[in-house]
1. Within the stretch 506-521, is there a residue that is away from the ligand (no atom under 16 Å from the Cβ) and part of a strand (DSSP E or B)?
2. Give all pairs with beta carbons closer than 9 Å in which a residue from the stretch 170-181 that is more than 7 Å from the ligand (Cβ to nearest atom) meets a residue that is at pLDDT below 95 and part of a strand (DSSP E or B); count only pairs at least 6 apart in sequence or on separate chains.
3. Kindly provide the set of residues from the stretch 418-447 that are closer than 25 Å to Leu206 by Cβ, touching a Pro at 6+ places or on another chain (Cβ under 8 Å) and part of a strand (DSSP E or B), ordered by number.
4. Restricting attention to the stretch 200-247, which residues are more than 20 Å from the chain's Cα centre (by Cα) and of a type in the set (Phe, Trp, Tyr)?
5. Please state which of the following conditions Gly460 fails to meet, knowing it meets all the rest: (1) buried (at least 17 other Cβ atoms within 10 Å of the Cβ); (2) more than 16 Å from the ligand (Cβ to nearest atom); (3) within 29 Å of Asp178 (Cα to Cα).
6. Looking at the structure I just gave you, is Leu150 without any contact (Cβ under 8 Å) to a residue 60 or more places away in the chain and either within 14 Å of the ligand (Cβ to nearest atom) or in a loop (DSSP other than H, G, I, E, B) (or both)?
7. How many of the residues in the stretch 452-494 are touching a residue at least 40 places away in the same chain (Cβ under 8 Å) and under 17 Å from Gly204 (Cβ atoms)?
8. Tell me which residues, restricted to the stretch 278-307, are touching a Ser or Thr at 6+ places or on another chain (Cβ under 7 Å) and not in a helix (DSSP H, G or I).
Amino acid sequence: MSTSWGDESSRGLNQPRKGGGTVEVRLCGEADGRSVYDARSDRLTIGVSPMTDQAVLEASAAVGATTPQYDAIVIGAGVAGIYQIKTLTDLGVKAIVLEGAHDLGGTWYGNRYPGARFDSESYTYGYSFSKELLDEWHWKERFSGQPENLRYLNYVADKFDLRRHMRFNCRVERMRFDEADHLWVLTLANGEELTARFVVAAMGLLSIPTPPKIDGADTFRGQAFHTFDWPHEPVELVGKRVGVIGTGATGIQVIAEIADQVGELKVFQRRPNWSAPLNNGPISDVEMADIRARYDEIFATCARSPGGFEHEPDRRGFYNVSREERLRLWDDLYDTPGFAIWLRNFVEIFVDEEANAEFSEYIADRIRRRVHDPEVAEKLIPRDHGFGVQRVPMETHYFEVYNRDNVELVDLSETPIERITPAGIQTIDREYELDVIVFATGFDAITGAYDRIDIRGVGGLTLRDKWQDGPQTHLGMLVHDFPNMVMVAGPQSGSASTNYPRGIESGVGWLTGLLEYAWEHGHTRIEATAESEADWTEHVEQMYSKVLMRKAKSWFTGYNSNVEGHGEGTTRYLVYNGGAPKYVRTIAEVANNGYEGIDFATNVAGVESSELE
Ligand SMILES: Cc1cc2nc3c(=O)[nH]c(=O)nc-3n(C[C@H](O)[C@H](O)[C@H](O)COP(=O)(O)OP(=O)(O)OC[C@H]3O[C@@H](n4cnc5c(N)ncnc54)[C@H](O)[C@@H]3O)c2cc1C
């Protein structure tokens, strides 16, 4: 298949490797006679793995004083971990995924709340690496829901026989870098220890839910859960009195979905979010055939666009067109599916206060037109930030919910919650009696999963301490003093602010190239230099200074009042704002320049030699 990532000559990018011939042996001792599918050649090999160069196999077996159990351990079996294990096992190295949950899927394994679905067009969210996969999978909806998304990820894992490289219920609790032997020692929740030369962190940016800090939560007599932990068995909502705390991306989805099922719905809102119609719809057989025929074109557009979506900004210039023209564009975008309203808009919306204010007022008017009670409408309009400077939740009939008799908006800025009681929620004003409380209160975003593991690098330094005031990384993928740990979609990487899988595919491709390079050269240690890390971190910080997003109290700036130390006045530079094309170009250049900014060292049979590449 043709790739969608442009320059195929760029080393390490979306080209797992060259010269993947078939050989008879399998380094990791897992030759089991099963059929293996090679996506690069769209070829099925019976009984033996589609292996890589013998050189890589031998190099990956290069021993330090102690040979680790694994060449690489991947933590997390979400979109990132699934693709990462595929590329590693395609290389023929000994690799495994450790997943804390009972099964694969990550975001789409959790988040079973009603209404959970993509804001990305389904067909731009799916993997692009296999033409056969693209040809086989039929997305049923333009913005597909959680059950189908989970089915898709299972389909991918089964098709490429990846499950056998995954262990579930394996939460990694501690990681210690062994400086003498150049390997990581990982300790699981059950006390088991595993060693690996390299660790690939694929723990997700929204994988640690944060319940609100409200007294009395354990006294509630009814059912209460975070949207991420929505029970796997059906929850009876019909006729029930339900309270939802939070009106961010998940709150907006769940509220709209359950309003007409429940008896009463109380929405507890601290701060409103800007939101606009998702404009979802089914994908017919004919449409899917058309999408399949255009996949190369679609992924090429995604690769070109700053957000990794099909949506490209309007570059005419906000002030170069008349107000009437601006309104025409906005009317059109309001009815266009997905993030068009955000990402096909004028670039000035992101950087210019006046332009942003004019557009925000346009959306405010739309809200006023949709909500019958003017007082309620005003409460649903954000005053503390403009449209698009936080991640924009997309909605389906969300605002109309507030026209229903069984729905009440409780404005917590006027009447804050005092506590959760056995019967419901007590605000300073009154007690709301409830059967079910849903915490739609989001995640300890981007760095949360890293903070939950006791990660100790060189000299026993903990990553938690190093990142106390915010992450510092090289390219969002490596960290100085934490050698041999690489991050697929880490903080400050290009993936965190874009259509995720597009970023994940470039991250996985690049990292696989880096590891392959190390194995080919017999290197047992990879580490970002202090200088390259300082430069990248400063660059990421500078990018924030250009965008209005820097002012928002959102997870893009590391704000979360439910996480200690992440409250107001503690801006954390978590995402790369330069856009996907620039990010991909940058990491390709780094690779093409011999992985500049990264130190490599070799430790074979106890004899250590360092070289700076
Ligand atoms: C409701 C919702 C909707 C979303 N919609 C979109 C969308 O439309 N478009 C988009 O681009 N993105 C969306 N996202 C972001 C989404 O998280 C990414 O698209 C993508 O799924 C992330 O994949 P991942 O593999 O990086 O992480 P995850 O899917 O989060 O997977 C990480 C895995 O790591 C595991 N893990 C974490 N810590 C440990 C540990 N210590 N030990 C072992 N395992 C561990 C977790 O259990 C999890 O399974 C959405 C997120 C949410 C919550």
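1. In the first step, residues of the stretch 506-521 are kept if they are away from the ligand (no atom under 16 Å from the Cβ); the result is 513-521.
When the remaining residues are screened for being part of a strand (DSSP E or B), the result is none.
No, the stretch 506-521 has no match at all.
2. Matching pairs, first to second residue: Ala180/Asn603; Ala180/Glu608; Asp181/Asn603.
3. Result: Phe439, Phe443.
4. Phe220, Phe225
5. Tallying (1) buried (at least 17 other Cβ atoms within 10 Å of the Cβ); (2) more than 16 Å from the ligand (Cβ to nearest atom); (3) within 29 Å of Asp178 (Cα to Cα), Gly460 fails exactly one: (1).
6. Working: without any contact (Cβ under 8 Å) to a residue 60 or more places away in the chain: yes; either within 14 Å of the ligand (Cβ to nearest atom) or in a loop (DSSP other than H, G, I, E, B) (or both): yes.
Against the criterion (without any contact (Cβ under 8 Å) to a residue 60 or more places away in the chain and either within 14 Å of the ligand (Cβ to nearest atom) or in a loop (DSSP other than H, G, I, E, B) (or both)), Leu150 qualifies.
7. Qualifying residue count, the stretch 452-494: 17.
8. Filtering the stretch 278-307 down to residues touching a Ser or Thr at 6+ places or on another chain (Cβ under 7 Å) leaves 278-280, 296, 298-300, 302-303, 307.
If the condition is that a residue be touching a Ser or Thr at 6+ places or on another chain (Cβ under 7 Å) and not in a helix (DSSP H, G or I), then Leu278, Asn279, Asn280, Gly307 are the ones that fit.
The values are calculated or read from the model by the stated rules, or taken from the named source; none is laboratory data. For clarity, every value in this text was computed on a predicted model and none was experimentally measured. Because the Cβ atoms are built from the backbone with ideal geometry, glycine has one as well, and the counts that use them run over all protein chains shown.
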